[in-house]
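> My structure is below; once you've seen it, I'll send some questions.
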Amino acid sequence: MKSNYIKLVLLLLITVFSCDNALECAFGIDPEINENSVANAQLDQEYFQLITAEVDNAANDNAYDYFFRIEGDIPAGIDIFFYPREIEFSGRPIETGRFNFRVFLSVERFDFETGFYDRSPTCSNEVSKNFTIEVFE
């Protein structure tokens, strides 16, 4: 009887530790873009906005490398700077209008056991959100 119990425990441990993706999804470990909107801007006035990211429900979200991509329109005069866990928008917009863009975030994690990057260390490979900057006169 004890032998069957030990086999069951070993099988359970092997199953749990070999199903990283299943565990990531069970615990909700996903990349996340924190902001839901960005501030509007004033023509020819200083503008500053951060969009930050994290890996939700991860014990150490600093262990991940963050990769951002932006698709869409950004007002002329606004520069974009990419940092490890955030995007900075700053400058002086020189045109008015409504500017829609989408921010994409993916993460990787270095696996010290294998010496390689895990390109899918979370349940979802990529997350994205739509944003709008309105520039007024």
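Please treat every number below as a calculation from the coordinates, not as lab data. Keep in mind the model is a prediction, meaning the values are calculated, not measured. Using ideal geometry, Cβ is built from the backbone for each residue, glycine included, and neighbour counts are taken over all protein chains shown.
> Computed on alpha carbon atoms, what radius of gyration and Dmax characterise the stretch 38-110, expressed in Å?
14.2, 43
> Report the chymotrypsin sites (Phe, Trp or Tyr not before Pro) located in the stretch 87-137 that are in a DSSP loop and have at most 10 other Cβ atoms inside 10 Å of their Cβ, or state none.
F112
> Based on the Cβ-Cβ distance of L43 and D118, what FRET efficiency does E = 1/(1 + (r/R0)^6) give at R0 = 41 Å, to the nearest 0.05?
0.35
> Could you work out how much longer the chain between E35 and E137 gets when fully extended? Use 0.36 nm per residue separation minus the Cα distance between them, nm to one decimal. Can you show the working numbers first?
Values: separation 102, 0.36 × 102 = 36.72 nm, distance 2.50 nm.
Between E35 and E137, full extension yields 34.2 nm more.
> Note the full-extension length gain between S90 and A59 as 0.36 nm times their separation in residues minus their Cα-Cα distance, in nm to one decimal. Working shown, then result.
Details: separation 31, 0.36 × 31 = 11.16 nm, distance 3.16 nm.
Gain on extension, S90 to A59, equals 8.0 nm.
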